[in-house]
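Asks: Before we start, here is the structure in question, set down as structure tokens.
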Amino acid sequence: MGLDLRNDILTSVVALTCAVIGDRYWPLADPIGAIVVCSFIAISWMANVFSTIPLMIGRRAEQEAISRILRIAIQHDDKIKHIDHMMVYHLGERALVELHVVLDEHLPLKLTHDLTEALERKIRSLEFVERVFIHVDYQCDGWLGGH
């Protein structure tokens, strides 16, 4: 949105200025202004495309983001015995978080639900997180992909 606004303002100012100069003083000012505006917009959009493509095709989140999420998960509750597996990746501007935690197998369902729900809310409140998926297990077996 900011990029569009900037481009709109630039287009309006340069187009009006070059049109006035072209009409009153120098006939080539209007077409040269149009070329400058079009070139600027094309270059700014290409820069935007190249910075956005890695986020759209699925890129691992930055190490600082991963560390923040891991620290939150570890410190959230003493009932979390292990963090079995964690993935933080982009499929857009903000990150998706997949977290596999190990809890005691005898922990009541209500406590398990409340604990993971609170953890999910805490992680989702981070400004760079879009969605959080938490899987609960009773043993640390490593992430097997189909589990």
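The values are calculated or read from the model by the stated rules, or taken from the named source; none is laboratory data. Computed from a predicted model, the values in this text were never measured in an experiment. Note: ideal-geometry Cβ built from the backbone for every residue, glycine included; neighbour counts use all protein chains shown.
Asks: Here are Ile35, Ile66, Ile57: which of them is modelled with pLDDT of 90 or more and touching a strand residue (DSSP E or B) at 6+ places or on another chain (Cβ under 9 Å)? Full working, then the answer.
Replies: Values: Ile35 fails: touching a strand residue (DSSP E or B) at 6+ places or on another chain (Cβ under 9 Å); Ile57 fails: modelled with pLDDT of 90 or more.
Testing whether each residue is modelled with pLDDT of 90 or more and touching a strand residue (DSSP E or B) at 6+ places or on another chain (Cβ under 9 Å) leaves just Ile66.
Asks: Moving to a separate point now. May I ask you to list the residues in the range 44-88 that are farther than 25 Å from Leu5 by Cα, surrounded by 15 or more Cβ atoms within 10 Å (Cβ to Cβ) and either within 12 Å of the chain's Cα centre (by Cα) or acidic (Asp, Glu) (or both)?
Replies: Ala61, Ala65, Asp77, Asp84, Val88
Asks: If we scan the range 101-118, do we find a residue that is within 26 Å of the chain's Cα centre (by Cα), assigned to a strand (DSSP E or B) and closer than 19 Å to Arg68 by Cα? Working first, answer last.
Replies: Step one: list which residues in the range 101-118 are within 26 Å of the chain's Cα centre (by Cα), which gives 101, 115-118.
Restricting the remaining residues to those that are assigned to a strand (DSSP E or B) gives 101.
When the remaining residues are screened for being closer than 19 Å to Arg68 by Cα, the result is 101.
Yes, that holds for at least one residue.
Asks: Same structure, new question: Asp23: within 30 Å of Pro108 (Cβ to Cβ) and surrounded by fewer than 14 Cβ atoms within 10 Å (Cβ to Cβ), yes or no? Reasoning before the result, please.
Replies: Working: within 30 Å of Pro108 (Cβ to Cβ): no; surrounded by fewer than 14 Cβ atoms within 10 Å (Cβ to Cβ): yes.
Against the criterion (within 30 Å of Pro108 (Cβ to Cβ) and surrounded by fewer than 14 Cβ atoms within 10 Å (Cβ to Cβ)), Asp23 does not qualify.
Asks: Within the range 75-98, is there a residue that is assigned by TED's automatic domain parsing to the domain that holds Val129, part of a helix (DSSP H, G or I) and at negative phi? Even if it seems obvious, please write down each step before you answer.
Replies: Of the residues in the range 75-98, the ones assigned by TED's automatic domain parsing to the domain that holds Val129 are 75-98.
Subsequent filtering for residues that are part of a helix (DSSP H, G or I) retains 75-76.
So of that shortlist, the ones also at negative phi come out as 75-76.
For the range 75-98, residues assigned by TED's automatic domain parsing to the domain that holds Val129, part of a helix (DSSP H, G or I) and at negative phi: present.
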